[in-house]
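Scroll down for the structure; my scribbles are underneath it.
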Amino acid sequence: MSGFLDNCQWPKCDCIELGERRNYVASVISGVMFFTGWWMVIDAAAVYPSSADFNHAYHTPGVISTIAFFLMNSVSTGQIRGESYTNGCLGQTGARVWLFFGFLLAFGALIAACWILFGFYVVGNHGDIPDWPGIAVFLQNALIFFSGMVFKFGRTEDLWA
């Protein structure tokens, strides 16, 4: 059962072959998603400045997502594999723990944004609070999360040499 998909391959699409522009395209897409996420929550904070409509503590998952973005992308794939960083305080194990902590923060912030959206704006809303701040918080964290994934896994380190 473990090797039943070994002979299956995805069809090769030549129209998406980026070559040397892969890092550039991944960085631009990631940056646009990161910017859009923060822009949405800044818009919600500007449109609804009252703490009754948009509690200012709801910015916390976005800040944690941003920290997670930097944690995930500060460790290269070579450090995770043990190819480029073998000595130091913790070496490859430290790099893996650092990456795991970044993923943990990213998932935690996304779950917290879901909780804010559904707990306070969907279920707890009785028609007197606007929905846009909750949607903005969720979209902010989702976009920062996927931005981090694109920036981490969309680039290749082969082009750095």
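A few notes on this one:
- Checking Ile42, Ile80, Ile67 one by one, the residue that is touching a helix residue (DSSP H, G or I) at 6+ places or on another chain (Cβ under 7 Å), surrounded by fewer than 19 Cβ atoms within 10 Å (Cβ to Cβ) and at pLDDT 85 or above is Ile67 and no other.
- Restricting Ala136, Ala109, Ala68 to residues that are touching a Ser or Thr at 6+ places or on another chain (Cβ under 9 Å) and within 25 Å of Val28 (Cα to Cα) narrows the list to Ala109.
- Residue ID - surrounded by the most Cβ atoms within 10 Å (Cβ to Cβ), chosen from residues in the range 121-159 that are farther than 24 Å from Phe35 by Cα and free of Cβ contacts under 8 Å to residues at least 24 places away in the same chain: Asn125
- Trp98 vs. criteria surrounded by fewer than 20 Cβ atoms within 10 Å (Cβ to Cβ) and either in contact with a helix residue (DSSP H, G or I) (Cβ under 6 Å, 6 or more places away or on another chain) or free of Cβ contacts under 8 Å to residues at least 12 places away in the same chain (or both): no
- Output for the range 36-59, where each listed residue is among the hydroxyl-bearing types (Ser, Thr, Tyr) and under 14 Å from Gly134 (Cβ atoms): Tyr48, Tyr58
- Hey, Ser27 touching a residue at least 40 places away in the same chain (Cβ under 8 Å) and either touching a Cys at 6+ places or on another chain (Cβ under 7 Å) or surrounded by 15 or more Cβ atoms within 10 Å (Cβ to Cβ) (or both) or not: no
The values are calculated or read from the model by the stated rules, or taken from the named source; none is laboratory data. Since the structure is predicted, the reported quantities are computational estimates derived from the model, not experimental observations. When we count neighbours, we look across all protein chains shown, and the Cβ atoms used for this are built from the backbone with ideal geometry, even at glycine.
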